[in-house]
Amino acid sequence: MDLVPNPDSPHSNNSGGSSPNSSPQNFSSSSSAATAGGAAASSSPPSLSRYESQKRRDWNTFGQYLRNHRPPLSLAQCSSAHVLEFLRYLDQFGKTKIHTHMCPFFGHPNPPAPCPCPLRQAWGSLDALIGRLRAAYEENGGKPETNPFGARAVRLYLREVREVQSKARGISYEKKKRKKPQQHEQHHPPPPPAAA
């Protein structure tokens, strides 16, 4: 999920690369290599996985949200209430149609016609976002016991969003049980100890 609260902002970074406003892990090793003259040509920062790139973008977006908050907030001032405010703010960029109770398509997973119901962030996207931000918070020096992304209020909000969206869209969010890989019935006993 690419979060683009303010695409015109100079702080917006959707490339997944390092920026001056990114987390404290600004790849100092790569910047020192760049100042070492010829060494810069042979060394480059390690490429990030898709998850790590998305986590960095999400973290930068949340940091931008805190800076644009009125009054601006520091990470230390951030609470679960601010996380919930951020999640509600993101709804304006959502692409998932959530039917209201008055809509004739309420509870239908595949409505046959368009309707004026609002677009919201899908529960799965919000759940994944919170997981990435929770990890990024701790990677950037936050303590697990004060992590606002892991607060009870945030978990309850996500559960409520899931229930509302499943009813409105007629989609069950039951957890799928993983099938255990079937092991072959051939069990080989351990070899006997070597005779002395």
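The values are calculated or read from the model by the stated rules, or taken from the named source; none is laboratory data. Remember, predicted model here, so these are calculated numbers, not experimental data. A quick note on method: Cβ atoms are made from the backbone with ideal geometry, for glycine too, and the neighbour counts reach across all protein chains shown. Only protein heavy atoms, including side chains, enter the accessible area calculation; ligands, DNA and RNA are left aside. Shrake-Rupley method; radii C 1.70, N 1.55, O 1.52, S 1.80 Å.
Tell me the carbon and sulfur percent of the accessible area for segment 48-169, rounded to whole percent, probe radius 1.4 Å. Of the solvent-accessible surface of segment 48-169, carbon and sulfur hold 54 percent. Taking all protein chains as shown and a probe of 1.4 angstrom, LEU48 keeps an accessible surface of around 60 Å².
Farthest towards the positive end of the charge dipole of segment 48-169, among the residues ALA168, PRO144, ASN68, is the Cα of ALA168, using unit charges on the Cβ of Lys, Arg, Asp and Glu. For segment 48-169, the per residue solvent-accessible surface stands at 55 Å², with DNA, RNA and ligands left out and a 1.4 Å probe.
Rounded to the nearest 20, the Cβ-based charge dipole of segment 48-169 about its Cα centre (Lys and Arg +1, Asp and Glu -1) stands at 180 debye. Within segment 70-140, the trypsin sites (Lys or Arg not before Pro) that combine a DSSP coil assignment with at most 10 other C-beta atoms in a 10 angstrom radius are LYS95.
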